[in-house]
Each structure stands twice: as C-alpha cells, then as structure tokens.
Amino acid sequence: MFNKVLVANRGEIAIRAMRACRELGVPTVAVYSEADKNAIFAKYADDAYPIGPAPSSQSYLNMDVIIDVAKKSGADGIHPGYGFLSENAVFAKKCEENEITFIGPPSNVIEQMGSKIAARTAMIKAGVPVVPGTEKPIEDVEEAVEIADSIGYPVIIKASAGGGGIGMKIVYSKDEFGHALTMIKSVAKSAFGDSTVFIEKYVDEPRHIEFQILADKHGNVVYVSDRECSIQRRHQKLIEEAPSPIMTPELREEMGGTAIKAAKAIGYENAGTVEFLYSKGEYYFLEVNTRLQVEHTITELVTGIDLAKDQMHIACGDRLPYSQEDIKINGWAIECRINAEDPLNDFAPSPGKIRRYRSAGGPGVRIDSGVHVGYTISPYYDSMISKLSVWGRDREEAIARMERALYEYVVIGVTTNIPFHKAVLRHEAFRSGDLTTHFIDDYNIIDEVKNIVKDDAEKGATLASALDNCNQKVAAVSAAIGAYVSAAKDQAK
C-alpha cells in the first residue's frame, strides 16, 4: 500500500478519496487554491499545501506545481478525483516519469480514450457496436454533407477531444452544416485546444446507460453494476440510478460483457466507466470515462463495493478480490446532484455564500459534500454542493426515500436545483421508468419547477425564522451561563 497519497482535487471528491485512504491507514496530502484555503477538504487531510490563485488554470491544473508538492510531501501516489487532471494523459505521464503512481489507468490508455475518434476506431476493431458515423476527422462542409446524406439525418457533430456535453451540435439538414461545423470546430479549439470533429448518426429517443468496471494489472476485468444516467441538461447528468429500470439479467450480462470486451481491447486498468446509448432494443458504445465517476456512490450502495479503496489496491498491483460471479446487486439507489444553479434561468450557476444549511439524513441516505454554513460557492469551479444518494429495497422505496430526503434538504443563500429534482421524481414518466436524455424538454419539467420554487421559498423563510429564534435563545442561554460562571469565579475569589 502507499506511504502517502496526494489528492489532486477539491471539494467532496477530495474528501471521498481521503476517506478511503484513512480507512486504509494511508496519510493524505491536500492541495488547495487561495479560494479553498479554509475549505473542509484542506482541513481533513493530514497535510495541505497552497498551489496558487483561485483560477483552476493557475492552481488545480498546474501539473508541475502538483508534482512538486508530491515530491516535497513524500507522496508516492496521486489520486486525481474527477475533472481537472483526472483524464489528462500528460499529467499521468508526468507522474510515471517522476515515479509517482497515478491512481488511474496508464497514460497511453487515457490518451487513446481522450480522442473520441481513436476510441471509436478501437471499439470497431474490437467488435463493440458503435453509432454509425465517421472514423476520420471532418475537414469541410461538402465532406460532412456527403457523409450525413449517407447515414441519414439528424446527425450530431462532436468534438473529438470533447467531454461534459461541450462541443456537440445536432444537425437536421444539410443547410445547417456550414454554420454548425464552423461553430463546433471553434468551440472545440477554445475548450480543448483541438479543433478535430467527427459526425455520428443522432440516436432517436436515447437512454444513457453505463457500466462501472474494475480492471487490475493482471488482466482481470469485471463489471460492477449498470447505471441509468438519462436525466440530463445540456448533456450533463443530474439524476442517476442503479440499476437501470429497463435492465434484465440477460441484457445486463450482454452489455456488461461488451463493457469488459471494450476494457480489454484498450488494456484498461483501475476503475472506469463504459458508456452506452440505448434505443429501441439496440445499444451503442459512447465513450470510456477513464476515472471514478461522480455517480459511483450509487454503485457502492447497491453492491457494497468500495470503489475508491479498490482503486488504491489496483494501483498498488493487487489482484481483484472478487470474480464476476461474486458481485451481486442488492436493492436500488438514486443520486441527485445538488448544485448551486437556477433551473428557471437555464441552470445558470448561482455562486454565493451559504447562510443556512441543513442536509438530509436518516435511513438509507448518503451525503457526499464539502460545504457548511458560511461556505462560499465559488464562481471559479463547478457549482456542486453535494451528491445526495439514497438506497431502497426496490425502486419504489428508493424514490420515496429520495423525495423525503429532498424535503429535508435546505440550502439558503444560493439558488439550488433541489426544486428541479423534486419535479422530476414526482413525474409519472420518471416513476414508470420511461426515460430518455430529452426528458426535461419532452415533459416540460421546468413548468412544474416554478410551482415548487414558490412553495420552497415559503418553507425556507419559515425555517430561517425558526433558526434565527433558536440562535437567539441559544445566545441568551450562553450569555446567562457566562454570567453565572463569571459570578461564581468572583465569589470564589
């Protein structure tokens, strides 16, 4: 096992990795920007180092500074969390060159999967089903139109180096190609430093289903569970559940086997996710996320497997402690990403200071968070407040438990997407498992959110008043106790 692990990330994922290390008896090192010097994760670690100003380009993305801190602190492993440098092949390579273990896949695997074109090519060669489209970069409009005519509209233009829903545009006719192609190439260059784009057939009524995999350094690969991630906005996930409502044992075995085939085809190691689009009985390879996913919590809840600790063991060269037959799914889990964003304003970020905070609790509830009363949601980073996850014996109980947890969850000071989550869980289509990645638009969810926002505003005002009264009473009692102690001391003199 490692002597010390540096966690090259922030917020709740940094705490998650550090918790795994603490259970393994491994000391941890945090790195933090000026904006995070008082953050919980920086205090939770055994040691912490400042790495620069608030902008991530000058701190959490500064590879050389992070490597230098690892050397100074004596860390022999780096856990990248997700986001930032977690899927950066250059950073993984720097770790390898400095004899520091990158707790993730090898740099060459990250590099290959970082290019969607290279990933498609590898999957086609391995016999993994992919969405019809191009295997080479698209350079001009005429070529794009010719390809789109052959596979049929609508098609989607994608940035090869893209991710997080950035650099994607649906095209419904050849008349749209000129503007769309120019725009996506520009976005790709700006966001990823690579203007390479390609075309895929746009899958109608798609569901986003993914498989968590674990692969050790000895050639052993297992799929841990499937997850449904179809509730999205701008191609970014908001609600996930495990397992998928449409999954049968037969389909799970087939798609899980395909995920293993994909992992073995690229020599994958450590934790990762093979993502698929599913539509009308067919499924297609989408991408491999070469890191721990935000939604790993629900897989842990239904399997009892600690994915973060398994990452550490695999990185140290240990064999997987279980075979495919050992892994069982027990019950149902749902995760809601609680973000400081306004669903009534196109989910715009809502940075600011949290004035009141009460998280959910009780049976079957898990909160992964790094915030507290007085914490400021920074405009420099992702707006996530927490990952709210619940477990139930079946999907019906999991939904009821999540609704109860959302009712308990109160955040005052910033606008959150809690009303959005409530609206989705109440909708009959969600309850019946009738999901697609177009769910928000298909069912006009935002209209229901407006009603919930009004109700929550009244509830929030009542709670804030109650807390103020409580604080005043506590202050009065504290003052009385202080006066009593002072009087007692004077009398003793």
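Overview of values
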{"quantity": "Neighbour cut-off at most 10 other Cβ (10 Å), DSSP loop, GluC sites (Glu not before Pro), the stretch 1-102", "calculated": "99"}
{"quantity": "Added length on full extension, which subtracts the Cα-Cα distance from 0.36 nm per residue, residue 397 to residue 235", "calculated": "55.6 nm"}
{"quantity": "The stretch 285-301 versus the stretch 388-462: alpha-carbon centroid distance in Å", "calculated": "22 Å"}
{"quantity": "The stretch 132-201: translational diffusion in µm²/s, Stokes-Einstein, Kirkwood Rh over Cα pairs, 4 °C, 1.567 mPa s", "calculated": "112 µm²/s"}
{"quantity": "Label-point separation, residue 348 to residue 135 (7 Å along Cα→Cβ), nm", "calculated": "4.6 nm"}
{"quantity": "Inter-centroid distance (Cα atoms) of the stretch 17-45 relative to the stretch 349-376, Å", "calculated": "18 Å"}
{"quantity": "Reachable aspartates and glutamates, given that their alpha-carbon falls under 18 Å from the alpha-carbon of residue 116 and they are not under 8 places away in the same chain", "calculated": "87, 135, 139, 194, 200, 210, 275, 287"}
{"quantity": "Anchor residue 72: lysines whose Cα lies under 26 Å away (excluding residues fewer than 8 positions away in-chain)", "calculated": "4, 37, 43, 93, 94, 309"}
{"quantity": "Nearby aspartates and glutamates by direct alpha-carbon distance to residue 174 (threshold 14 angstrom, same-chain neighbours under 8 apart not counted)", "calculated": "140, 142, 143, 146, 149"}
{"quantity": "Cα pair distances in the chain, grouped into 20 Å bins until the bin that holds the longest one, percent each", "calculated": "22, 55, 20, 3, 0"}
{"quantity": "Percent of Cα-Cα distances greater than 24 Å, calculated over the stretch 310-432", "calculated": "41 percent"}
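Read the figures in this text as sums done on the coordinates, not as results from a lab. Not measured: the values here are computed from a predicted model. Using ideal geometry, Cβ is built from the backbone for each residue, glycine included, and neighbour counts are taken over all protein chains shown.
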